[in-house]
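Data block below; observations after.
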Amino acid sequence: MTASFAIEIEPRATLSVLGSDKVFPVRRIYCIGRNYAAHAREMGGDPSREAPFFFQKASDAVQACPADTTIQHLYPPMTSNYHHEVEMVVALKSGGRDILESDALSHVFGYAVGLDMTRRDLQDEAKTLKRPWEVGKSGDHSAPVGPLHPVSSVGHPSRGKISVSVNGESRQSSDLSDMIWSVPEQIAILSRYFELKAGDLIFTGTPEGVGKVERGQTMRAYIEGLGAISLQVA
Ligand code: MN
């Protein structure tokens, strides 16, 4: 017999799946840091020597975004330096521990365009004080993600334009092929630290050009083959 819950449970965050009326249930959100060389340098790192590192966002930080329709994105509290980081998001349909790089892509359900929204002032303070990054990285609604494009329709994108504009002005513009650690490498390395499972998302890092957005501005994040999402900061 299944126990009933003592309080009402929040439904899981979900993402829409292109070409399907089914939705993708989100389990954990993993993010990789400094995965594009020029961004690693702008954050004070050394891309040639640094091993990949990971952090998590709360899974209910997902803000599911429709394709090509501007939606509202609430400016979060406790910051005056709120940054966009456009990233390709990998969605897993299965997982495991110690996944081989050669087997990694078999666990991928699909891909989407996402934003790793960051309270940069709080993240910088955490770095200085050697504290965790949660308040900078895992804020409410800090993970806007567009509809998932299944592997069956989009394959495994490893090159193509990745960009974000703010009020039509280009802020970040790079290519997926500039990633330091490929998607199979990220999955393999991450699975040494955590048992990956169906429903997990991996934010694969952001290229250079991160910067602040203000209330009233509209961000448009785009990845070639994965479409665009558009959010007005409110
Ligand atoms: Mn990021």
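With a ≥ b ≥ c taken as the square roots of the eigenvalues of the C-alpha gyration tensor of region 14-233, please select rounded if a/c is under 1.5 and otherwise prolate if a/b is larger than b/c or oblate if it is not?
rounded
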*Nearest 20 debye, what's the magnitude of the dipole of the chain about its Cα centre given +1 on Lys and Arg Cβ and -1 on Asp and Glu Cβ?*
200
*Anyone know which of 44, 114, 209 comes out most mobile in the 10 Å Cα GNM of the chain?*
44
*asked:* Under 5 Å between amide hydrogens, which residues at least 5 positions from residue 35 or on another chain qualify, with H placed 1.01 Å from N in the peptide plane?
replied: 206
*Averaged per residue, what accessible surface does the chain expose to a 1.4 Å probe, in Å²?*
48
*Given a cut-off of under 8 Å on Cα pairs at least six residues apart, what relative contact order in percent is computed for the chain?*
31
*asked:* Can you list residues from other chains, or at least 5 along the same chain, whose modelled amide H is less than 5 Å from the amide H of residue 81?
replied: 120, 121
*Taking the mean number of other Cβ atoms within 10 Å as a proxy for protection, how do you rank 66-77, 181-192, 20-31 from highest to lowest?*
181-192, 20-31, 66-77
*Given a Förster radius of 22 Å and the C-beta distance between residue 161 and residue 218 as r, what FRET efficiency does 1/(1 + (r/R0)^6) yield to the nearest 0.05?*
0.70
*Which percent of the accessible heavy-atom area of the chain goes to carbon and sulfur, probe 1.4 angstrom?*
51
*Taking amide H positions as placed in the peptide plane 1.01 Å from N, state which residues far from residue 227 in sequence (5 or more) or on other chains have amide H under 5 Å from it.*
none
*Eight or more residues apart or on different chains, and alpha-carbon atoms under 26 Å: count the Lys pairs in region 14-233 matching that.*
20
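The values are calculated or read from the model by the stated rules, or taken from the named source; none is laboratory data. Everything numeric here is computed off the predicted structure, so don't read it as measured data. Glycine also receives a Cβ, built like all others from the backbone with ideal geometry; neighbour counts cover every protein chain displayed. To get the accessible areas, we keep the full protein, side chains included, count just its heavy atoms, and leave off ligands, DNA and RNA. Shrake-Rupley method; radii C 1.70, N 1.55, O 1.52, S 1.80 Å.
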